[in-house]
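I have placed the structure first, in the form of structure tokens, so that the comments after it can refer back to it.
The values are calculated or read from the model by the stated rules, or taken from the named source; none is laboratory data. Predicted, not measured: the structure shown is a model, and the values here were computed from it. Areas reflect the complete protein model, heavy atoms only, side chains present, ligands, DNA and RNA absent. Shrake-Rupley method; radii C 1.70, N 1.55, O 1.52, S 1.80 Å.
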Amino acid sequence: MMQNLIENAVRYSIQGEQHATEVVVTIAEFAAYYQIKVIDHGEGIPEAEKEPVFERFYRGRYDIAGSGLGFA
């Protein structure tokens, strides 16, 4: 899941002269869980797609090969 998430962050990040493709991954340890953040410079998930993104193999775009984020 993490590999898929990071690959999507790189794939959909803004690229160009003024914006380098940069993805920052941080992990924080808490008493009962870990928090993982993946930060990129992409447009983000549109509001209408934030719920279905947790469905198995859901993809917002079908013009680019992939299998979704893997949040199911």
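Summary table
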| quantity | calculated |
| --- | --- |
| Solvent exposure ordering (accessible area, 1.4 Å, most first) of V25, V53, V38 | V25, V38, V53 |
| Derived scalar couplings ³J(HN,Hα) [region 26-33; Karplus, 6.51 cos²θ - 1.76 cosθ + 1.60; whole Hz; x for Gly, Pro] | 10, 10, 10, 9, 10, 4, 10, 7 |
| Rounded accessible area of E22 (nearest 10 Å², 1.4 Å probe) | 100 |
